[in-house]
Number of protein chains: 2
Amino acid sequence: MKYAFANRVRHLQSSAVRDILKIVGQGNVISFAGGLPDDDLFPLEGIEDAFNRVFKTGKKSLQYMETEGYRPLREVILHRMAKKGISGFTSDEVLITTGSQQAIDLFSRIMLSPGDVVLTEDPTYLAALQVFKSYEAEVVAVESDDDGMLPGDLEEKLKQYHPKCVYVVPTFSNPAGRVWALERRKQLIDLVHRYKVVVFEDDPYGELQFTENEVYTPLAALDDGTRVMYTSTFSKTAVPALRTGWITGPYQIIRMMAQAKQANDLHSNSLSQQALYELCTHYDLDAHIKHLIEVYKSRMEIMVRCLEVANLPNVHFVKPKGGMFLWIEVDERIDLTSLLDKAVEHGVAYVPGEPFFAGNPKKNTMRLNFTHATPEKIKQGMNLLTHVISTEMNKHLVEIGE
Amino acid sequence: MKYAFANRVRHLQSSAVRDILKIVGQGNVISFAGGLPDDDLFPLEGIEDAFNRVFKTGKKSLQYMETEGYRPLREVILHRMAKKGISGFTSDEVLITTGSQQAIDLFSRIMLSPGDVVLTEDPTYLAALQVFKSYEAEVVAVESDDDGMLPGDLEEKLKQYHPKCVYVVPTFSNPAGRVWALERRKQLIDLVHRYKVVVFEDDPYGELQFTENEVYTPLAALDDGTRVMYTSTFSKTAVPALRTGWITGPYQIIRMMAQAKQANDLHSNSLSQQALYELCTHYDLDAHIKHLIEVYKSRMEIMVRCLEVANLPNVHFVKPKGGMFLWIEVDERIDLTSLLDKAVEHGVAYVPGEPFFAGNPKKNTMRLNFTHATPEKIKQGMNLLTHVISTEMNKHLVEIGE
């Protein structure tokens, strides 16, 4: 049977992320592929207690809710953002979403007409690229180094493309684990004001900071409240199952997104919003996050150490200062997209870097997640992975007679 | 500050439904306006028990989940649909959504290009109209009577407009409380097969059936599995707060919708999906629904009796056989859209029928909800409402010297 789909489905494809979740579901492969937190660390008792507190408030807790979300939770979010320097907003300027993914989607829905341009880092978050393309927008990559987008190239592309927005993950980016320097952040804010463009700051990982004496100021804290949309989520700090994220920014945009959300799903799960409010007010979420940081940081260090010990030629990476991912560039003769099958055969999975690129993909890159596997599994998996890569490397060396 | 929104936001507006929820939130008005179930009837203990069962399964219950939803819940849904005659599908053909609203939205997203036509009943579900328009589709109303769409007009419009789909609420429709006759259902299925069009069957209220000896066969039970998308929800039978609905239909369409859902919100709240599975397997949901039916039916009868006693001239309505709404047409000189303010002043709210029309609106119509207010409030509210209408009626009679 043939069905007449809309034009925009040409850009909808099952993503690598999706296929990855399927690999993770299979038992025998050690997976560095997903973006999953470790479920052993989930604050189950806190969550259970939070739900039971909500149930005690009575049956009204199970009714429909306004589209914008549970106001006491929005107040808590304002308070948490203020500690990161994001201030000047009221709870009317906070929209609760079904994960930060929905924030990206709703923003795109109200902003992007077919042919509109979005500027991004390169590589950048795969599922954001998919959303932009699903609205038939054109994605243009801005040149970046380890400190963030290069202001010169950014300005050139702002001039040339008149983009609708600049999408960035400035703190512990996915996939590259990059942190923007403060100066670059300020330059970005300056440029988007001059060119009257909105920045979408995606910050799901900002709270998972491994360094103790550094401050990574969110773009939203550097703006005057008119040019930055800031989104984050409870999926990495509390649990993913509640699918609760949020977005903050200028009221006109938040208001329009709420109208789009009303058409999309009326409102997000309201019981979970109330439970998260209870969790934030009756459980020490910050102490929990501190614990997550300790565990994740030590796993990252184990992974990095494995890589250092393996001492593969022509391997480059930057030790992550936070987040969930290690981004690795190997010898340019190795195609990590096609090597994935072999790696999975050997019992280890990763995400090839290729689909994260908006521009020309570097096929010799990959993203490794260090938060889901145990230290023991990380060691085993890294042994398998470095073996697969070095075998492939040797093959190239033999082939070209090096 | 001015922001450059996408073209499609022209069609996004705060809906009547939304403004209604705000009226409901205010204390002193008796509201027949919303579409809310009665929270006093919510199965709080069953829900609480269901969540605690899920928590007992351990921390994995709080992890990310596949986009399509929790498979055991999809199996339960298949089983429940089979009892209504909908069979031949597997759990791969069930997609869990954030309420059935998201099912309408995702379907539209993958099906409707700007300018595409959707055929609907008239009046029809307001928020569906908003979704279709938000994708810049054109909505064309098909002539209907109390038994459903008129096959002659439907065929003519299938020929003339080559629509992408036909959207219907054939059982206890919103807003009209209408039930399609079996013959009309069969004629619709026949026509969409001949004209190769997909039907979207929206069935949120089907389980709330007040008549005992009648069977209202879903369109999906009359189809061969190729032309009907069937959607329903747990919002009316269990609770709205969990925002869990589903859609079933041809695999190709479900698969494409899952890809759109991945971009939209990755997956729906997975803890709630697991809890609903526990509720369906450890709680007598059918007995609960039977109780809801008894209570809602008696409230509907009280409301109808109030209307009969008031004996307003030129009032027409059909006594609902199920669902949540009573649809009333009053004397055609009365504009119920502009009368709403006065009614609210007098302490009672309703939804004017006007925004539910895809074609020419009848301004002398309104939708009353009979599930949320208590019997006492229904009597009080109907007294207020019939008083406001009869005062308005007398004014017209005086004005024109009748």
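The values are calculated or read from the model by the stated rules, or taken from the named source; none is laboratory data. What you see is a predicted model, and the numbers here were worked out from it, not measured in a lab. Positions of Cβ are backbone-derived with ideal geometry, glycine not excepted, and every protein chain shown enters the neighbour counts.
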| query | Across region B:32-53, what is the number of residues that are in a helix (DSSP H, G or I), charged (D, E, K, R) and closer than 30 Å to residue B:384 by Cα? | reply | 2
| message | So in region B:67-90, with the set limited to residues that are buried (at least 18 other Cβ atoms within 10 Å of the Cβ) and either within 11 Å of chain A (Cβ to nearest Cβ) or hydroxyl-bearing (Ser, Thr, Tyr) (or both), which one is nearest to residue A:271 (Cα to Cα)? | response | B:70
| query | For residue A:227, are the conditions met, namely being at the interface with chain B (Cβ under 9 Å from one of its Cβ atoms) and touching a residue at least 40 places away in the same chain (Cβ under 8 Å)? | reply | no
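Could you list, in sequence order, all residues of region B:234-257 that are of a type in the set (A, V, I, L, M) and either assigned to a helix (DSSP H, G or I) or at the interface with chain A (Cβ under 10 Å from one of its Cβ atoms) (or both)? Talk me through it step by step, then tell me what you get.
Residues of region B:234-257 of a type in the set (A, V, I, L, M): B:238-239, B:241-242, B:247, B:253-254, B:256-257.
Matches in region B:234-257: B:238, B:239, B:241, B:242, B:253, B:254, B:256, B:257.
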| said: What's the number of the only condition in (1) part of a loop (DSSP other than H, G, I, E, B); (2) at pLDDT 95 or above; (3) within 30 Å of residue A:341 (Cβ to Cβ) that residue A:69 fails to meet? | reply: (3)
| Residue in region B:203-220 that is surrounded by the most Cβ atoms within 10 Å (Cβ to Cβ), counting only those that are over 18 Å from residue B:100 (Cβ atoms) and in contact (Cβ under 8 Å) with a residue 60 or more places away in the chain | B:210
| Can you name the condition, by its number, that residue B:328 falls short on among (1) at pLDDT 95 or above; (2) farther than 22 Å from residue B:36 by Cα; (3) crowded, with 22+ Cβ neighbours inside 10 Å? | (2)
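Suppose the filter is within 30 Å of residue B:106 (Cβ to Cβ), in contact with a His (Cβ under 9 Å, 6 or more places away or on another chain), among the hydrophobic types (A, V, I, L, M, F, W, C) and buried (at least 23 other Cβ atoms within 10 Å of the Cβ); does residue A:257 pass it? Explain how you work it out, then say what you get.
Working: within 30 Å of residue B:106 (Cβ to Cβ): yes; in contact with a His (Cβ under 9 Å, 6 or more places away or on another chain): no; among the hydrophobic types (A, V, I, L, M, F, W, C): yes; buried (at least 23 other Cβ atoms within 10 Å of the Cβ): yes.
No, not satisfied.
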| field | strands (runs of 3 or more DSSP E) wholly inside region B:92-202 containing at least 1 residues that are touching a helix residue (DSSP H, G or I) at 6+ places or on another chain (Cβ under 8 Å), surrounded by 24 or more Cβ atoms within 10 Å (Cβ to Cβ) and among the hydrophobic types (A, V, I, L, M, F, W, C) | value | B:94-98, B:117-120, B:165-168, B:198-202
| What's the number of the condition residue B:44 fails, among (1) touching a Ser or Thr at 6+ places or on another chain (Cβ under 9 Å); (2) more than 8 Å from chain A (Cβ to nearest Cβ); (3) at pLDDT 90 or above; (4) surrounded by fewer than 22 Cβ atoms within 10 Å (Cβ to Cβ)? | (2)
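One line per residue, one yes/no per condition, for (1) closer than 30 Å to residue B:239 by Cα; (2) without any contact (Cβ under 8 Å) to a residue 40 or more places away in the chain:
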| site | (1), (2) |
| --- | --- |
| B:345 | no, yes |
| B:350 | yes, no |
| B:355 | yes, no |
| B:360 | no, yes |
| B:364 | no, yes |
| B:367 | yes, no |
| B:377 | yes, no |
| B:386 | no, no |
| field | Flag for residue A:204 being farther than 23 Å from residue A:123 by Cα, modelled with pLDDT of 95 or more and within 15 Å of the chain's Cα centre (by Cα) | value | no
| field | Any chance residue A:292 is more than 10 Å from chain B (Cβ to nearest Cβ), in contact with a Leu (Cβ under 9 Å, 6 or more places away or on another chain) and either without any contact (Cβ under 8 Å) to a residue 24 or more places away in the chain or assigned to a helix (DSSP H, G or I) (or both) | value | yes
